[in-house]
């Protein structure tokens, strides 16, 4: 991925996170609150939602890159290839080692999801600390 596309994926990820944040603020009625304490609590909760979603997704991608789901996928595809007459999976991959070597070069990137998620988590922690200081 070139630098322009890399920046583009980060921006798209950040915009989606901000939309989730805005939806949470709207749902929790941020602008109808009269006290600063309630507003800070809502901001902390609203930043926490995209943080959990993004960090969870990037954690799943990390785990899938490291082989557990790869083995499960190989077993499922191998089993289903025995049921299908048109499947070429058995001819492509004689054993798991060949499948593993082929898929090793195709790891998915997840930094564009993880780093905005960590930024949202940091903002949530900051507003949580402000809330605990005001309370």
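Between 0 and 90 degrees, rounded to the nearest ten: what's the tilt of helix 3-27 against the longest Cα principal axis of the chain? It is inclined by approximately 50 degrees. Between 0 and 90 degrees, the angle of helix 68-83 with respect to the longest Cα principal axis of the chain falls at about 40 degrees. The structure-derived value of mean projected area of the Cα convex hull in nm² appears in the list (i) 8.7; (ii) 11.7; (iii) 8.1 under the label (ii). Principal axis analysis of the Cα atoms in region 27-91 yields extents of 67, 23, 12 Å, listed in decreasing size.
What Kirkwood Rh does region 89-135 have if only Cα atoms enter the pairwise 1/r average? Answer in Å.
14.4
Note the angle between two axes, namely the Cα long axis of helix 36-65 and the longest principal axis of the Cα atoms of the chain, as a number of degrees from 0 to 90, rounded to the nearest 10. The helix 36-65 is inclined about 10 degrees to the chain.
Using a cutoff of 8 angstrom between alpha carbon atoms and counting only pairs six or more residues apart, the relative contact order for region 3-134 works out to 42 percent.
Where a number appears in this text, it was derived from the coordinates with a stated rule and is not lab data. All values reported here derive from a predicted model rather than from experimental measurement.
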